[in-house]
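See structure below.
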Amino acid sequence: MRRQLSDTAARMFLERGFDAVRVADVGAACGVSEKTVFNYFPSKEALVLDRLEAMADALRTHLSSAALPPVAAMLTILDHERQGILASLAADADSDRALERYRKFGDLIRDTPSLKAHQSDTADRFVDIAAEALAVRTGLRPDDPEPQIAAAALLGLWRFQFRSLRTHLRPGRPLPDAIDAVAGEVRRAARLAEEGLATLTAQRG
């Protein structure tokens, strides 16, 4: 039901605009009440951006483990995100149609102030989650400067990937080529952060 509500909301918002569709309309299209929708989603904006929550779980899992340096752990998270997007787009037999829908979804977020604000608030929350995970592996407090700055830098890579995907995923371009281009740009960006964040493993004396 959660996936059905989210998918239905995305389709309706793309067709009619975010402000023109009520939460009750989404519920009715799925055969449930407005209250039921809010049992699954805390806000109308969350109906659109619910899948971002997978990032929160990934940050907790990968950044708290000392098995990989922080940047390498973040690159693993971003690799998984790209592969998920590729699989979702490739599931449509008409790749150009899928890419056009993807771009329209990005336009919807960019052009709707409440969605942009929700996305920004979510990114800020992810920085806090990343700082908490990094504090676990370093013995520092989440609000210490090192975890805070490291978390902001790592989430900066996520923001960059989002923009790079918008640049390269477009109708007429083969999906694997576009995803490879994004991966290359993300790794270039990651190299700028890697040297400084490599020192984060030391505990505070």
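Since every read-out is calculated from the coordinates, none of them should be taken as a lab result. Since this is a predicted model, take the numbers as computed values, not measurements. Positions of Cβ are generated from backbone atoms using ideal geometry, with glycine treated the same way; all protein chains shown enter the neighbour counts.
Considering helices alone, the calculated mean residue ellipticity of the chain at 222 nm is -25500 deg cm²/dmol, with DSSP H runs of length four and up weighted by -39500 (n - 2.57) and normalised per residue.
Calculate the dipole size of the chain relative to its Cα centre from +1 charges on Lys and Arg beta carbons and -1 charges on Asp and Glu beta carbons; express the result in debye to the nearest 20.
Working: 28 positive and 29 negative charges, 39 e Å.
Magnitude of the dipole: close to 180 debye.
Based on alpha-carbon centroids, what's the gap between segment 146-187 and segment 1-57 in Å, whole number please? Using only Cα atoms to place each centre, the spacing works out to 26 Å. Farthest towards the positive end of the charge dipole of the chain, among the residues VAL186, LEU78, ALA9, is the Cα of ALA9, using unit charges on the Cβ of Lys, Arg, Asp and Glu.
Using a cutoff of 8 angstrom between alpha carbon atoms and counting only pairs six or more residues apart, the relative contact order for the chain works out to 21 percent. Shape descriptor for the chain: Rg over Rh equals 1.01 (Cα atoms; Rh from the Kirkwood inverse mean 1/r).
For segment 103-205, the relative contact order comes to 27 percent (Cα pairs under 8 Å, sequence separation of at least 6).
Please work out the FRET efficiency for the pair ARG3 and ARG187, using the Cβ-Cβ distance as r and a Förster radius of 30 Å; give the result to the nearest 0.05. About 0.40, to the nearest 0.05.
Check every DSSP H run in the chain and write down those whose alpha carbon atoms cover 20 angstrom or more along the long axis and whose mean Kyte-Doolittle hydropathy is -0.5 or greater.
Details: long enough: 2-16 (21 Å, -0.94); 70-90 (30 Å, 0.75); 95-111 (24 Å, -1.28); 113-138 (37 Å, -0.16); 145-168 (34 Å, -0.03); 175-197 (33 Å, 0.07).
Result, helices passing both filters: 70-90, 113-138, 145-168, 175-197.
By the count of neighbouring beta-carbon atoms within 10 Å, fewest first, PHE13, PHE41 end up ordered PHE41, PHE13.
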